[in-house]
Amino acid sequence: SKIDGGLTIDGWYVTSAILSNLKEITGDCTIVGTSLKTLHGICNLEKIGGELSIMENAVLKDTELEKLKKVGGNLHIQGNSELIIIEGLKELSKVGGDMEIVYNTELSTRQAEKIREQLKSKGGINGTVVISGNTGFDPY
């Protein structure tokens with residue numbers, strides 16, 4: 001299924017979001033300030049026409065967006081203090097704007113750099129890249 005427009009998942013009281021049939025969002029997708037531990041509930045999402053913002057989700061540990069291939073605008077992953085895994089973005093091949101992966105204190109810089117290299121190898125970043133403040137331990 002498809003959402004014509006944007007999707008916002010917002011609020012600390014949000015502990016689950018089950019939209020498993022969702023494949024496309026034509027506008028922005030914003031996930032901010034939730035109590036989600038993973039993004040598994042939107043794991044079949046393949047395309048976002050606008051920007052993807054995953055910010056300030058205090059208990060988020062894993063992106064789990066394993067089918068996401070394209071973000072038409074900017075990609076922001078910021079301030080998710082428990083985020084340790086972004087390898088769920090393994091199919092991502094295009095970011096139409098800037099990519100910022102910043103201040104995710106449990107995430108290793110190496111994981112963020114792997115996403116950058118993956119996108120570069122597929123010719124898929126149109127804007128600037130900022131990777132900063134990801135100070136987590138890299139177990140690999």
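The values are calculated or read from the model by the stated rules, or taken from the named source; none is laboratory data. This one's a predicted model, so the numbers in the text were calculated from it and none came from an experiment. So basically every Cβ, Gly included, is an ideal-geometry build from the backbone, and we count neighbours across all protein chains shown. Areas reflect the complete protein model, heavy atoms only, side chains present, ligands, DNA and RNA absent. Shrake-Rupley method; radii C 1.70, N 1.55, O 1.52, S 1.80 Å.
Running a GNM on the chain with Cα contacts under 10 Å, which residue among Ser121, Ser35, Ser93 ends up with the highest mean-square fluctuation?
Highest fluctuation of the listed residues: Ser121.
Which Cα, out of Gly73, Met55, Thr34, lies furthest along the positive dipole direction of region 1-126 (beta carbon charges, K/R +1, D/E -1)?
Toward the positive end, the furthest listed residue is Gly73.
Can you match semi-axes √(5λ) of the Cα gyration tensor in Å to one of these, (1) 25, 19, 15; (2) 34, 26, 10; (3) 20, 19, 13, based on a calculation from the structure here?
The calculated read-out lines up with (3).
Round to the nearest 0.05 the FRET efficiency obtained for Asp98 and Lys2 when R0 = 41 Å and r is the Cβ-Cβ distance.
0.95
Using a probe radius of 1.4 Å on heavy atoms only, what accessible surface per residue do you get for the chain? Whole Å² is fine.
48 Å²
Which net charge results when you count Lys and Arg as +1 and Asp and Glu as -1 among the other residues whose beta-carbon is under 15 Å from that of Asp28?
For residues surrounding Asp28, the net value is -3.
So if each residue of separation counts as 0.36 nm, and I subtract the Cα-Cα distance between Arg116 and Glu66, what length gain in nm does that give?
16.4 nm
In whole percent, and with a 1.4 Å probe on the protein chains, what portion of the accessible area of region 53-111 is carbon and sulfur?
Reported share for carbon and sulfur atoms: 48 percent.
Under the rule of -39500 (n - 2.57) per DSSP H run of 4 or more residues, summed and divided by the residues of the chain, what mean residue ellipticity at 222 nm is obtained, to the nearest 500 deg cm²/dmol?
Calculated from helices alone, the mean residue ellipticity at 222 nm is -3000 deg cm²/dmol.
Considering Cα pairs under 8 angstrom that are at least six residues apart, work out the relative contact order of the chain and quote it in whole percent.
17 percent
Just how much of Thr8 is accessible, in Å², when a 1.4 Å probe is used and the result is rounded to the nearest 10?
It works out to around 90 Å².
Give a residue-ordered list of calculated ³J(HN,Hα) values for region 30-40 (Karplus: 6.51 cos²θ - 1.76 cosθ + 1.60, θ = phi - 60°; whole Hz; x for Gly, Pro).
10, 10, 9, x, 8, 10, 6, 8, 9, 9, 4
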